[in-house]
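Inspection log for the structure reproduced underneath, given as structure tokens.
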Amino acid sequence: ASRHQNVHVINSRHVSGSQGLLVNYAAELIADGFSIEAVKKAVIDKITKTQFFAMIHEMDSLVRSGRVPKIAGKFVKLAGIKPIVTLDKDGSGTLCDKAFSETKALTKIIERVNMLIKKHDGIENYCILHTGVPNKAQEFAAITTEAFGQEPSFIEPAATAIGLHAGNGSIALAAMFR
């Protein structure tokens, strides 16, 4: 990037959908005629107002990758726990909650986003990602549309790298707040 004047790199410390929301935000600002310096500043300001939450459907992939110890993975699987992960300020995945059913896990994600909507005085946009379950993502989108008063900006399969770690059947929601 340092060799090209028109290439600018920002470490968003985000992944997948939350990074996509930030890139989309930058594109909108550019289309609206903002200077590159104003775009960079606005995007940097939005990083802390953008959140990512994922309900992990199965632990096998996280165990295989070494991100979760085998014994912990077996316990979670046997107990039927659905972990909910988010990103910390450095962009590392961290457990933020858990549930004993997929429905409860997705409800908890909506509750967290609603708390953030109140904290930030609104939501600008959000997206839903999935790993191989487009119908489940569409159902979740209908629920979130009612809960947040707006449709998601996009519903997409998660990036392959995310899918390899999260495993098939996972659902994620990324949101950008005001």
May I ask you to list the lysines whose Cα is less than 18 Å away from that of LYS74, ignoring any residue fewer than eight positions away on the same chain? LYS82, LYS98
Solvent-accessible area of SER101, probe 1.4 Å, all protein chains present, reported in Å² to the nearest ten, please. 50
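Using only helices, what value at 222 nm comes out for the chain when you add -39,500 (n - 2.57) per DSSP H run of length 4 or more and divide by the total residues, to the nearest 500 deg cm²/dmol? Walk me through the numbers on the way to the answer.
On the way: 7 runs with 84 residues, N = 178.
Theoretical 222 nm ellipticity from helices: -14500 deg cm²/dmol.
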Kirkwood Rh over Cα pairs of segment 67-171 into Stokes-Einstein at 20 °C, 1.002 mPa s: D in µm²/s? 144
Sites VAL133 and LYS70, calculated FRET efficiency, Cβ-Cβ separation with R0 22 Å, nearest 0.05: 0.30
With a 1.4 Å probe and every protein chain left in place, tell me how much accessible area ARG178 has, in Å² to the nearest 10. 130
When the scattering of segment 1-41 is computed by the Debye formula from its Cα atoms alone, each counted once and equally, what is log10 I(q)/I(0) at q = 0.15 Å⁻¹? -0.39
Where in the chain are the DSSP H helices whose alpha-carbon span along the long axis reaches 18 Å or more and whose Kyte-Doolittle mean is at least 0.5? 16-31
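How charged is the neighbourhood of GLN150? Take every other residue with its Cβ under 14 Å from the Cβ of GLN150, and add Lys/Arg as +1 and Asp/Glu as -1. If you can, show how the numbers build up before the last one.
Values: positive: ARG178; negative: GLU124, GLU146, GLU151.
The answer is -2.
Using a 1.4 Å probe over the heavy atoms of the protein chains, calculate the carbon and sulfur portion of the accessible area of the chain as a whole percent.
Details: 5510 of 10100 Å².
The computed percentage sits at 55.
The values are calculated or read from the model by the stated rules, or taken from the named source; none is laboratory data. Everything numeric here is computed off the predicted structure, so don't read it as measured data. For neighbour counting, all protein chains shown are included, and Cβ atoms are generated from backbone atoms with ideal geometry for every residue, glycine included. Surface accessibility is based on the protein's heavy atoms, side chains included, excluding ligands, DNA and RNA. Shrake-Rupley method; radii C 1.70, N 1.55, O 1.52, S 1.80 Å.
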